[in-house]
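Novice: This is the structure I want to talk about, given as structure tokens.
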Amino acid sequence: MANFEARTSAGSGRITVTLAGECDLSSRDHLTAVLLDAVQRAKAVFVDLASLTFIDSSGVHSLVTAHHAAKHTGGRIYVTGATGPVAAVLELTGLDSLLRAPADERRHV
């Protein structure tokens, strides 16, 4: 099982979900549940990936599922802080553009 953590904090009309470790199939259900809970509670959900070292298609699936759930309720999910291999996966899948935070918000997460 991968070392994975998802922490949630609320404030200023939004929720921030901070991910750390490795996000793979073993953490998919947990990540999806955390993200879906967040999009039900706030119109803006920021997912901070700065401490995430790995993400595979399972993690991508969770992000896409949360994006569709947020869109359905008039909300948005944004990813921030991705670097290295995580940033590369987001770029390859197009999620870096689809879930890009507004420029003025990227530095506040």
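The values are calculated or read from the model by the stated rules, or taken from the named source; none is laboratory data. Everything quoted here is computed from the prediction, not taken from an experiment. Cβ: placed from backbone, ideal geometry, glycine included. Neighbour counts: every protein chain shown.
Novice: Determine which member of the set L52, L98 is at pLDDT 95 or above and touching a His at 6+ places or on another chain (Cβ under 9 Å).
Specialist: Step by step, each of L52, L98 is checked, and only L98 is at pLDDT 95 or above and touching a His at 6+ places or on another chain (Cβ under 9 Å).
Novice: What is the residue count in segment 78-97 for residues that are assigned to a helix (DSSP H, G or I) and within 25 Å of S26 (Cα to Cα)?
Specialist: The total comes to 12.
Novice: Looking at (1) over 15 Å from G59 (Cα atoms); (2) within 11 Å of the chain's Cα centre (by Cα); (3) not in a helix (DSSP H, G or I), which is the only condition A10 fails?
Specialist: Unmet condition: (2).
Novice: Does any residue in segment 46-75 that is among the aromatic types (F, W, Y) come within less than 8 Å, Cβ to Cβ, of a residue that is surrounded by 16 or more Cβ atoms within 10 Å (Cβ to Cβ) and in a helix (DSSP H, G or I) six or more places away or on a different chain, and which pairs are these?
Specialist: Final answer for the pair search is F54/V86.
Novice: Now for a different question. Does S26 count as on the phi < 0 side of the Ramachandran plot, among the polar types (S, T, N, Q) and surrounded by 14 or more Cβ atoms within 10 Å (Cβ to Cβ)?
Specialist: It is false that S26 is on the phi < 0 side of the Ramachandran plot, among the polar types (S, T, N, Q) and surrounded by 14 or more Cβ atoms within 10 Å (Cβ to Cβ).
Novice: Go over the candidates T93, T80 one by one and state the one that is of a type in the set (S, T, N, Q), under 23 Å from S9 (Cβ atoms) and out of contact with any Pro (no Cβ under 9 Å at 6 or more places or on another chain).
Specialist: Going through T93, T80 in turn, just one is of a type in the set (S, T, N, Q), under 23 Å from S9 (Cβ atoms) and out of contact with any Pro (no Cβ under 9 Å at 6 or more places or on another chain): T80.
Novice: Being crowded, with 17+ Cβ neighbours inside 10 Å, at negative phi and of a type in the set (S, T, N, Q) is the requirement here; does T65 meet it?
Specialist: The answer is yes for T65.
Novice: Working carefully through the options G13, G21, find the one that is more than 16 Å from T93 (Cβ to Cβ) and modelled with pLDDT under 95.
Specialist: G13
Novice: What's the total number of residues in segment 63-77 that are touching a strand residue (DSSP E or B) at 6+ places or on another chain (Cβ under 8 Å), outside any loop (DSSP other than H, G, I, E, B) and within 15 Å of R41 (Cβ to Cβ)?
Specialist: 4
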